[in-house]
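Inspection log for the structure reproduced underneath, given as structure tokens.
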Amino acid sequence: MRHDDMVGVSARAIRIGVLDNDPFALDAMCAMISAVSKDFRVMWSTGSPAVAIEHCHNPHTRPEVLVLDMALGGITGADVCRRIRRRTGGTGIVCVTSYSVDVYQREAIASGAQGLFAKERLRTDIAVAIR
């Protein structure tokens, strides 16, 4: 029997990374994701697209799911997604936006993301999107 089974904790948490250039939104998303399920473990969060890309390419820091904002200032979430997809398809990518999802829908799909939803729906949609 594994230690996790003995203490009643989920056998394996879903490892998550979070990218948003707004520090307040980043903190709020991390707190909300962690609170939604004991099965979710935010491994890292960053406001830097370059750091997120590097984490996703590194097998030691690669999350199972990356939650990323589509409007990052200077680079789009779709650009980040494409850069990650060039080297790995193993990370699920869930995009979020404070704008209308219609603005980014085609771009998110074309870049290889698995999902896109409005930040205002984060509380209700994040668990399903991550799973």
Open item on the list: What's the total number of residues in segment 61-80 that are outside any loop (DSSP other than H, G, I, E, B) and among the acidic types (Asp, Glu)?
Closed with: 2
Task: Qualifying positions in segment 88-131 - farther than 23 Å from Arg41 by Cβ and open to solvent by 90 Å² or more (accessible area, probe 1.4 Å) - done: Tyr99, Asp102, Val103, Gln105, Arg106, Ile109, Glu120
- [ ] Please enumerate the residues belonging to segment 46-74 that are open to solvent by 30 Å² or more (accessible area, probe 1.4 Å), in contact with a Pro (Cβ under 8 Å, 6 or more places away or on another chain) and not small (Gly, Ala, Ser).
- [x] His55
Open item on the list: For segment 31-45, give me each residue that is open to solvent by less than 20 Å² (accessible area, probe 1.4 Å) and under 16 Å from Val96 (Cα atoms).
Closed with: Ile33
Task: Every residue from segment 79-127 that is more than 17 Å from His55 (Cα to Cα) and polar (S, T, N, Q) - done: Thr97, Ser98, Ser100, Gln105, Ser111, Gln114, Thr124
- [ ] Look through Leu122, Leu68, Leu72, Leu116 and report the one residue that is closer than 26 Å to Ala13 by Cα, more than 11 Å from the chain's Cα centre (by Cα) and in contact (Cβ under 8 Å) with a residue 12 or more places away in the chain.
- [x] Leu122
- [ ] Kindly indicate the residue of segment 89-120 that is among the β-branched types (Val, Ile, Thr) and assigned to a helix (DSSP H, G or I) and also modelled with the lowest pLDDT among those meeting that condition.
- [x] Val103
- [ ] Could you please tell me which pairs satisfy a Cβ distance under 8 Å, a separation of 6+ or placement on different chains, a first residue in segment 22-40 that is within 21 Å of Ile75 (Cβ to Cβ), and a second residue that is open to solvent by 70 Å² or more (accessible area, probe 1.4 Å)?
- [x] Ala25/Ser98
TODO: Output yes when any residue across segment 41-60 is assigned to a helix (DSSP H, G or I), within 24 Å of Val128 (Cβ to Cβ) and modelled with pLDDT under 95, and no when none is.
DONE: no
Task: Candidate set: segment 1-16, residues that are out of contact with any Asp or Glu (no Cβ under 9 Å at 6 or more places or on another chain) and either modelled with pLDDT of 95 or more or open to solvent by 80 Å² or more (accessible area, probe 1.4 Å) (or both); chosen: the one farthest from Ala127 (Cα to Cα) - done: Met1
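The values are calculated or read from the model by the stated rules, or taken from the named source; none is laboratory data. Bear in mind that the values here come from a model prediction, so they are computed numbers and not experimental data. In this analysis, Cβ positions are derived from the backbone assuming ideal geometry, glycine residues included, and neighbour counts consider all displayed protein chains. Note: accessible area is taken over every heavy atom of the protein model, side chains too, but ligands, DNA and RNA are not part of it. Shrake-Rupley method; radii C 1.70, N 1.55, O 1.52, S 1.80 Å.
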